[in-house]
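The values are calculated or read from the model by the stated rules, or taken from the named source; none is laboratory data. Since the model is a prediction, treat every value here as computed from it, not as a measurement. So basically every Cβ, Gly included, is an ideal-geometry build from the backbone, and we count neighbours across all protein chains shown. Note: accessible area is taken over every heavy atom of the protein model, side chains too, but ligands, DNA and RNA are not part of it. Shrake-Rupley method; radii C 1.70, N 1.55, O 1.52, S 1.80 Å.
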Amino acid sequence: MAVEIKVPALGESVTTAIVARWLKQPGESVAADEAVAELETDKVSVTVPAPAAGAMGAHLAAEGAEVGIGAVLGTIEAGAAAPAGAAPAKAAAPVSQPTPAPAPAPKAQTEAPAGADYDVLVIGSGPGGYVCAIRAAQLGFRVACVEKRETLGGTCLNIGCIPSKALLQSSEEYHAAGHDFARHGIVIEKMSLDLARMQANKDEVVSANTKGVEFLFKKNNITWLKGFGKVTAPHTVEVDGKPVTAMHIVIAAGSDSAPLPGIETDEKRIVTSTGALALDEVPKSMLVVGAGVIGLELGSVWSRLGAKVTVVEFLDRIVPGVDSEIATAFQRVLTKQGLKFKLGHKVTKAQTKGKGVAVTIEKVAGDKAKGGEPETLEFDVVLVAIGRTAASKGMGLEEVGVALDPRGRVIVDEHFATNVPGLYAIGDVITGPMLAHKAEEEGVALAELLASQAGHVNYGAIPGIIYTWPEVATVGRTEDELKAEGVDYSVGKFPFTANGRARAMGCTEGFVKILADRKTDRLLGAHILGPDAGALIAELVTALEFGASAEDVARVCHAHPTLSEAVKEAALAVEGRAIHI
């Protein structure tokens, strides 16, 4: 009997996905719940489990095809065995995304075509764009960067990573002063919040960073072309209507907040992350739509400052893509901090009403049988944080023939080249995780490839951080992925409750988790929930990059007393020989 393999629900706003690759071929034996295909969206990459044991049937969707939620991907002949002599399926490679091989770089062209204004012209001055520009200038290219904002740095420095981290730090200090200082013998009789001063500090931090990029441009002789850039030909960009030519044009336009269908934002009551960073008063109540990184970080900020925060998530878990054991523990911590969660729910309507917003929330279609009618609740502020979309529209890309995928991302090869000669793309505007440091690595790699060097990015060793407190940090494979792909692995864990420095800090929530190949001990993945997890993960990213084993990490001397000792202990625990637990 043929059993259909369908595309599962993937998130609040996700209606389609791309078939990244098939993990099982027709005729191969498949165990129940074994991963048969890998899907990719802007928010997450997921594997699709087999609904039954048997033999893999036909692929009804080709690799690279866009498929809708609930669509049939293929079939499994339930109970059937693979044909005699069929080769056994191989275990999946321990990387989270195929790593492009360092193919021969394009021939170096350090002289622009006759009459060209620049060798390299970068559109967008976010982390990917400005880093690419600086590296290209270091390599001897004549470089210009187009930026439409009044300041450099793109979304990240102006309305994203940097201002959010400033508010996260300030709100952490405020919360600690009111809840944690007393245990250290620091008693504050009267404490008040000066939100205007806190927002001013955020703005000062942003200004320092954007001016820093401007200084680096001057230092490296990079021309800042102020205005909106539009590609009009393979080697030509119009900046506010004025044509500029270059041998190589790099699209580094970044991404925009993804809209929630039917919900209009005003950045006052119904806001994206941009509006949530600029509120001039603490709302009494806030609804966060989407339990991803942005929603939980900004929800934490306003919760610490006094707002009652509720988080609605389409899926039955928070932070999709994060190791499920880490995610479950993380949700417990956030709940303890005061955040409330409505998982398996969706927002169908949000309308301003007086000084607040009336929001209709209901269970997702598959959960209606579990009871409950749609409910309408009122909140002072609603934050829509369901992900981001590639900022590829309105730049003339389609007009000059640049190929885009169904999600609007620019299609590039292993050298970040588009199908149009002389035109390249990096960062959020192409496939892969929308992370500033991923964009930076691509910017450096592209600049070096243009200079005939061996630019390369290992996508299996890109860390992801959630800057709440405690933080979440992850790199490599999750335990869920290893189980789905049938990889034989070992796991080592160590809690911060057993770490001396964490006890002294009063920050003992969370643990370090390391996954290694059971036969070779090679590191496959690492996941941390705990204090300064974002800094601690760097050691494990390095280990993963160089193909180190868990024992390699365990054998390295870690200073005492430090939080990093928890990493060493987790590595020791892979072989069941942790010392301090």
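Quick notes on this one:
- Tallying residues that are hydroxyl-bearing (Ser, Thr, Tyr), touching a strand residue (DSSP E or B) at 6+ places or on another chain (Cβ under 9 Å) and at pLDDT below 95 within segment 98-151 yields 1.
- Single match in Ala516, Ala554, Ala504 (criterion: touching a helix residue (DSSP H, G or I) at 6+ places or on another chain (Cβ under 9 Å), farther than 22 Å from Ile462 by Cβ and of a type in the set (Gly, Ala, Ser)): Ala554
Residues are listed down the side, and each one gets a yes or a no for (1) assigned by the TED database to the domain that holds Lys519; (2) touching a residue at least 60 places away in the same chain (Cβ under 8 Å); (3) more than 24 Å from the chain's Cα centre (by Cα); (4) open to solvent by less than 30 Å² (accessible area, probe 1.4 Å):
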| position | (1), (2), (3), (4) |
| --- | --- |
| Trp469 | yes, yes, no, no |
| Val472 | yes, yes, no, yes |
| Val475 | yes, yes, no, yes |
| Glu485 | yes, yes, no, yes |
| Pro495 | yes, yes, yes, no |
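- Test: residue in segment 421-437 that is open to solvent by 60 Å² or more (accessible area, probe 1.4 Å) and of a type in the set (Asp, Glu): no
- Residues (under 21 Å from Val131 (Cα atoms), surrounded by 14 or more Cβ atoms within 10 Å (Cβ to Cβ), out of contact with any Cys (no Cβ under 9 Å at 6 or more places or on another chain) and among the polar types (S, T, N, Q)) located in segment 215-240: Asn220
- Taking every residue in segment 410-433 that is in the same structural domain as His248 (by the TED database) and pairing it with any residue that is small (Gly, Ala, Ser) and open to solvent by 50 Å² or more (accessible area, probe 1.4 Å), at least 6 positions away or on another chain, the pairs with Cβ-Cβ distances below 7 Å are Glu414/Ala101.
- Count of segment 500-520 residues which are more than 19 Å from Ala176 (Cβ to Cβ) and either in contact with a Gly (Cβ under 6 Å, 6 or more places away or on another chain) or crowded, with 18+ Cβ neighbours inside 10 Å (or both): 7
- Of the residues making up segment 232-252, one or more are touching a residue at least 60 places away in the same chain (Cβ under 8 Å), among the small types (Gly, Ala, Ser) and within 28 Å of Leu298 (Cα to Cα).
- Residue match in segment 194-201 (condition: at pLDDT 95 or above, part of a helix (DSSP H, G or I), polar (S, T, N, Q) and surrounded by fewer than 17 Cβ atoms within 10 Å (Cβ to Cβ)): yes
- Qualifying position, being among the aliphatic types (A, V, I, L, M) and open to solvent by less than 10 Å² (accessible area, probe 1.4 Å), among Val289, Val322, Val293: Val289
- Just one of the listed residues (Arg317, Arg332) is surrounded by fewer than 22 Cβ atoms within 10 Å (Cβ to Cβ), touching a strand residue (DSSP E or B) at 6+ places or on another chain (Cβ under 7 Å) and under 24 Å from Glu481 (Cβ atoms), and it is Arg317.
- Index of the failed condition, Glu441 passing every other in (1) assigned to a strand (DSSP E or B); (2) without any contact (Cβ under 8 Å) to a residue 24 or more places away in the chain: (1)
- Among residues of segment 527-548 being farther than 16 Å from Cys507 by Cβ and of a type in the set (D, E, K, R), the one that is most open to solvent (accessible area, probe 1.4 Å) is Glu545.
- Residue in segment 4-11 that is among the β-branched types (Val, Ile, Thr), open to solvent by 30 Å² or more (accessible area, probe 1.4 Å), modelled with pLDDT of 75 or more and in a loop (DSSP other than H, G, I, E, B) present: no
- Checklist (1) in a loop (DSSP other than H, G, I, E, B); (2) free of Cβ contacts under 8 Å to residues at least 12 places away in the same chain applied to Glu204, failing item: (1)
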